[in-house]
Amino acid sequence: MLNMTVPSGKSPLLRPIGITLLLMLSSLAGCRSEQPATASVPRNWVNIPALPIIQDAVFSLSPTFAGQRNHAVMMQVCGLARGQAKQEQVNAFLAQQHVDVAHVPKHGHDLSLLVNSDRSAQASACAAYLATTVLSPVDVSELTVAVPQAETQSKAPEQGSQPVLQVDSARLANVLPLKLAAARANADVFVLIAAELQRRPGLTVNEYREQATQLFERLASVYLECIEAQLPPAGSTYKLLQMDTDRFAFSSSVGSLFEYGRDGMTLRQNGVIWYGQGELMGQAYPLQVAYFEPAIDGLLAPSVEQQP
């Protein structure tokens with residue numbers, strides 16, 4: 001177990017962020033439509049939780065490079081999206097990677113986001129990348145360091161003097177607050193999208209996924225603000241509960257329990273499932289999905305002869 005006190009550079013943005021989210025929700029909602037009564041719901045509709053559909057949509061927006069996620073490249077994209085990096089700095093980074101900027105097209109290339117000055121696309125890609133970092137398996141090797149075995153430690157003959165892996169406390173101290181902030185930001189923005197999708201009953205899974213994609217793109221700048229606002233307060237402490245190939249889990253002094261395992265990521269806040277297991281902020285947000293063809297109605301509805 002590991003206890004740490006980690007400083008945070010978070011500014012007091014939570015109240016402005018809350019106002020921003022409310023305003024965005026108002027603008028996205030349009031005319032509110034009531035859920036249809038059970039008797040009027042078409043028989044080809046079924047209820048499906050919104051969360052897996054939204055996750056699929058966000059993963060589709062997260063860029064890959066030669067088919068792989070690339071943290072170093074995405075940090076350059078995020079720097080541009082947030083206005084924290086200048087194009088000259090990004091060009092220097094590309095030169096270090098032996099990439100000739102003059103030969104990178106503005107569109108259609110893995111690295112186009114680094115040269116096309118499209119701030120909206122950069123924000124969308126950055127937000128999707130950050131959101132999916134906590135929805136992807138944890139690379140334990142990035143949080144450990146190889147250290148020589150103690151001279152007095154008994155070693156099996158086959159082990160020789162091979163180094164052993166040890167938790168890198170410094171790396172962990174940087175990573176845990178960021179994972180917690182990303183998980184919270186996911187809950188904040190995904191619940192907005194889920195609530196909006198509920199106002200649009202009767203779409204297919206693919207149509208809901210496309211709607212979720214568009215909504216996340218529009219909310220990308222809000223997501224980037226949320227992730228900054230959701231950084232835990234300075235002085236927060238963390239306890240590493242488990243870190244191996246099966247499970248990565250830690251708790252915090254602010255009542256959060258983060259876990260990534262075989263069933264994906266789950267965030268609990270004061271005992272409530274804040275994200276995961278199909279729920280957002282303690283609710284499932286089911287969507288009324290046109291899952292089957294309308295012709296299924298004839299197989300399910302009672303015939304005239306069968307009616308009393």
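The values are calculated or read from the model by the stated rules, or taken from the named source; none is laboratory data. Here the structure is a predicted model, which means the values were calculated and not measured. A quick note on method: Cβ atoms are made from the backbone with ideal geometry, for glycine too, and the neighbour counts reach across all protein chains shown.
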Q | Single residue of the stretch 61-80 satisfying the filter (more than 14 Å from Q122 (Cα to Cα) and surrounded by 14 or more Cβ atoms within 10 Å (Cβ to Cβ)) that is nearest to the chain's Cα centre (by Cα) | A | R69
Q.
From the list A220, A301, A229, exactly one residue is out of contact with any Pro (no Cβ under 9 Å at 6 or more places or on another chain), crowded, with 20+ Cβ neighbours inside 10 Å and among the aliphatic types (A, V, I, L, M). Which is it?
A. A220
Q) What is the residue count in the stretch 166-196 for residues that are surrounded by fewer than 21 Cβ atoms within 10 Å (Cβ to Cβ) and β-branched (V, I, T)? A) 2
(Q) Scan the stretch 26-47 and tell me whether some residue there is modelled with pLDDT under 95, surrounded by 10 or more Cβ atoms within 10 Å (Cβ to Cβ), among the hydrophobic types (A, V, I, L, M, F, W, C) and in a helix (DSSP H, G or I). (A) yes
Q.
Show me the helices (runs of 4 or more DSSP H) entirely contained within the stretch 68-180 in which 1 or more residues are within 30 Å of D263 (Cα to Cα) and at pLDDT 90 or above.
A. 71-81, 119-133
Q.
Here is a check on your reading of the model: is A290 over 21 Å from the mean Cα position of the chain (by Cα) and not basic (K, R)?
A. yes
(Q) Restricting to the stretch 48-60, name every residue that is buried (at least 17 other Cβ atoms within 10 Å of the Cβ) and not hydrophobic (A, V, I, L, M, F, W, C). (A) P49, Q55
